[in-house]
1. Any chance you could run the full-extension gain for Glu48 through Leu99? It's 0.36 nm times the residue separation minus the Cα-Cα distance, nm to one decimal.
2. What does the charge add up to near Leu69, with Lys and Arg as +1, Asp and Glu as -1, over the other residues with Cβ less than 14 Å from its Cβ?
3. In degrees between 0 and 90, to the nearest 10, how far off the longest principal axis of the chain does helix 13-26 point, with axes built from Cα atoms?
4. In whole Å, how far is the Cα centre of segment 15-42 from that of segment 58-94?
5. Just subtract the alpha-carbon distance of Glu23 and Val72 from 0.36 nm times their residue separation and send over the number in nm, one decimal.
6. Pairs of lysines 8 or more apart, or on different chains, with alpha carbons under 28 Å: count those in the chain, would you?
7. Give me the angle, in degrees from 0 to 90, between the Cα long axis of helix 71-83 and the longest principal axis of the Cα atoms of the chain, rounded to the nearest 10.
8. Cα gyration tensor of segment 4-43, axes a ≥ b ≥ c as square roots of the eigenvalues: rounded (a/c below 1.5), prolate (a/b > b/c) or oblate?
Amino acid sequence: MTVHNTLGAGFQEVIYQRALAIEMAKNSVKFLREQEMPIYYDGHEIGERRVDFFVEQKVLVELKALTQLEKVHLAQALNYLEAFNMETGLLINFGGKSLEYNRLYNRKRSTIEGWKTSGNVV
């Protein structure tokens, strides 16, 4: 929220990514930025893709800077969770007037019963 409140909308994704890295570091959140992550298919590594953030060795974070998120962006983030064999993720869009986010979980891997959030759980 601090990043969005400070910068507002209208910048490229990389600007929000850099600002978010500063905020996470200030708050002692462990993260890797633009981390190459292996993509798995049927238990086999078939390639790599760079994620915006890998937080606390548990959560994939994908950033967008779009006027509005579309279903394809949500599908992409969910596919990353499955391909990376990760349980949880966060899709954040800094491009709108209000900060938009979706908490994601990999239904094929998740042990989460349900999350309470003011954003969207997918």
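Please treat every number below as a calculation from the coordinates, not as lab data. Computed from a predicted structure; not experimentally measured. A quick note on method: Cβ atoms are made from the backbone with ideal geometry, for glycine too, and the neighbour counts reach across all protein chains shown.
1. Once the chain is fully extended between Glu48 and Leu99, it gains 15.5 nm.
2. Charge balance in the 14 Å sphere: 0.
3. 90
4. Centre-to-centre (Cα) distance: 13 Å.
5. Separation in residues times 0.36 nm, less the Cα-Cα distance, equals 14.8 nm.
6. Going through the chain pair by pair, I get 19.
7. So the helix axis and the longest Cα principal axis differ by about 50 degrees.
8. Verdict is oblate for segment 4-43.
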